[in-house]
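Quick notes on the structure that follows.
The values are calculated or read from the model by the stated rules, or taken from the named source; none is laboratory data. In this text the structure is predicted, and so the values were computed from the model without any measurement. Positions of Cβ are generated from backbone atoms using ideal geometry, with glycine treated the same way; all protein chains shown enter the neighbour counts. Accessible surface areas use protein heavy atoms only, side chains included; no ligands, DNA or RNA. Shrake-Rupley method; radii C 1.70, N 1.55, O 1.52, S 1.80 Å.
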Amino acid sequence: MKPPLPRLHAITDERVARRADLADVASALAAGGGADLALHARGRALTGLAHYELAIRLTAYPPIRLFVNDRLDVALATGATGVQLGWGSLLPEDARRLDPGWWIGKSVHDLAEAEAARTEGADYLLVGPVFATPATPATPATPTTPTHPKRPPLGPGALGAIARLGLPVVAIGGITPQRVREVKEAGAYGVAAIRALWDAVEPTVAARRMIEELVA
């Protein structure tokens, strides 16, 4: 039997994956989130080996759940609880043949994509960006850019329409602890974030507060 779908999803990117304090922040998030937290091993520009090593590092904080984005080979090798599929990934029904026990999510950006993902057999939907997203902090290798530069924010109204399709919806894009209640009231089951969790001054507090808002 699958464990419950976590309500809070802390998603990495290439910048987070390479941070020297990754282990410290992951441990702090796990302390605040417990079994309601999923740590996502994500990094589109990572090599397969780097993605695998990231996923292994994120398995060290039970009872949190490991989810792997796109790389199903990495998910199989690390015993992940779930996978998050983008539009370049396998269809959910095909991913399920690899491991029927996975939570299989699909990233969607509008109602039409959400309806297609439901037809394809997704277990839950990662929906966004709900709000405008701030720029990723610049590094010498990565200029400052918004997380979703080509996607206008959906807003809570469109999020609610997608939630009414009946699948659990995890909202992403500009999510902060202050906005969790708003997306929950719109119909979100859970929320996902990068900076609001990995860059929080107090990651344990941020994770705990988001979960408290979701389950209140």
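The residues on offer are 174, 190, 160, and the sole one that is over 21 Å from residue 39 (Cα atoms) and either touching a residue at least 24 places away in the same chain (Cβ under 8 Å) or of a type in the set (Gly, Ala, Ser) (or both) is 160.
Taken over region 140-183, the criterion of being charged (D, E, K, R) and at pLDDT 95 or above is satisfied by 164, 179, 181, 182. Screening region 80-100 for residues that are open to solvent by 60 Å² or more (accessible area, probe 1.4 Å) and among the hydrophobic types (A, V, I, L, M, F, W, C) and picking the one that is farthest from residue 167 (Cα to Cα) gives 98. Against the conditions (1) open to solvent by 10 Å² or more (accessible area, probe 1.4 Å); (2) part of a helix (DSSP H, G or I); (3) free of Cβ contacts under 8 Å to residues at least 40 places away in the same chain, residue 55 satisfies every one except (1).
For (1) within 16 Å of residue 203 (Cβ to Cβ); (2) over 14 Å from the mean Cα position of the chain (by Cα); (3) not in a helix (DSSP H, G or I), each residue gets a yes or a no:
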position: 19; (1), (2), (3): yes, yes, yes
position: 28; (1), (2), (3): yes, yes, no
position: 31; (1), (2), (3): yes, yes, no
position: 45; (1), (2), (3): no, yes, yes
position: 73; (1), (2), (3): no, yes, no
position: 77; (1), (2), (3): no, yes, no
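When restricted to residues that are open to solvent by 30 Å² or more (accessible area, probe 1.4 Å) and within 14 Å of the chain's Cα centre (by Cα), region 177-208 contains 2. When region 101-122 is filtered for residues that are open to solvent by 10 Å² or more (accessible area, probe 1.4 Å) and part of a strand (DSSP E or B), the ones remaining, listed by number, are 103, 107. In region 61-80, the residues that are charged (D, E, K, R) reach residues that are assigned to a loop (DSSP other than H, G, I, E, B) with C-beta atoms within less than 7 angstrom, at least six apart or across chains, in these pairs: 65/3; 65/6; 65/81; 70/86; 70/89. Residues of region 1-52 that are open to solvent by 60 Å² or more (accessible area, probe 1.4 Å) and among the basic types (Lys, Arg): 2, 7, 18, 44.
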